[in-house]
Every structure is written in structure tokens, then in C-alpha cells.
Amino acid sequence: MDKTNIERMKQSLQGLKSEIISNLVASNKDFKEIVEGMDPKDLADVASDDIDRKMIEALGSQELKRLKLIDSALTRIEQGKYGLCIKCGKRIPQDRLEAIPYALMCIECKSAEERRNR
């Protein structure tokens, strides 16, 4: 995957992360009070700050899972491992990453995992 695509995916992931946090702020009074005094550029980093305890309590399990997957994908970008399946090591197709930018596995490995979990 070239640097342009990686940078585009990084921006997409950061946008998703900000969206989750913004939705939480809009729907949760306690969390809104926490972030009101923060600099807007810090919103994207709020999940990794020490104040995330209250945020985690307020997040639904699905949103928390998505936030963790997004953070994991951002870490893989920094490590140069983004776009590689964590099971088999093959490249995850660009179309899959466009649909699910925080995908951990290629379609084949994800399908096999879902069959095992039934």
C-alpha cells in the first residue's frame, strides 16, 4: 500500500475516532463536562489520556470495541504493519480496508474465524 493510501486511511481512522467521541459528547452529560475544557485538537487523543476512565464507562460495548480497533489500526500504521492480515500476513484488499478501515484480517481469515465461532 502506498504512502498516499496509508495517509488517507489514517485520516479516515482519525475521523471515525473523532466521530465516536463527538457522538459520546453529544449524548453524555458527564463526558461533555470532561471535554469542554479541552483544546479541540486534543479530542482525537482523549481516548488515550488518563481521563478515559469515565469515557469507557459511558461508552457502549460496541463503540468501545470500535474505538479499540481504530486505535489498533493507527498503531499498525505507525509500525508499518497496516493492511496486513494478523492471522496469515497477506495483504488485506484495499476494497475491504475502504469498507472497514480498522479490519484486522483478510476476508478468508475473518470468514474462517466466524465459522469457528458459530
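The values are calculated or read from the model by the stated rules, or taken from the named source; none is laboratory data. If you're wondering where the values come from, they're calculated on a predicted model, not measured in any experiment. So basically every Cβ, Gly included, is an ideal-geometry build from the backbone, and we count neighbours across all protein chains shown.
Below, the figures for the structure above:
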item	result
Residues of segment 1-10 satisfying the condition of being surrounded by 11 or more Cβ atoms within 10 Å (Cβ to Cβ) and part of a helix (DSSP H, G or I)	5, 6, 7, 8, 9, 10
Given (1) part of a helix (DSSP H, G or I); (2) modelled with pLDDT under 65, number of the condition residue 50 does not satisfy	(1)
Selected residue (criterion: nearest to the chain's Cα centre (by Cα)) from residues of segment 85-106 that are of a type in the set (A, V, I, L, M, F, W, C) and surrounded by fewer than 17 Cβ atoms within 10 Å (Cβ to Cβ)	100
Yes/no for residue 68 being closer than 18 Å to residue 20 by Cα and modelled with pLDDT of 85 or more	yes
The lone exception for residue 74 - which of (1) within 16 Å of residue 7 (Cα to Cα); (2) of a type outside the set (Phe, Trp, Tyr); (3) in contact with an Asp or Glu (Cβ under 8 Å, 6 or more places away or on another chain) it fails	(3)
Residue among 89, 80 that alone is within 14 Å of residue 5 (Cα to Cα) and of a type in the set (Gly, Ala, Ser)	80
Residue check, residue 61 at pLDDT 90 or above, of a type in the set (Gly, Ala, Ser) and within 14 Å of the chain's Cα centre (by Cα)	no
Selection status of residue 109, touching a Leu at 6+ places or on another chain (Cβ under 9 Å), at pLDDT 95 or above, within 25 Å of residue 6 (Cβ to Cβ) and crowded, with 17+ Cβ neighbours inside 10 Å	no
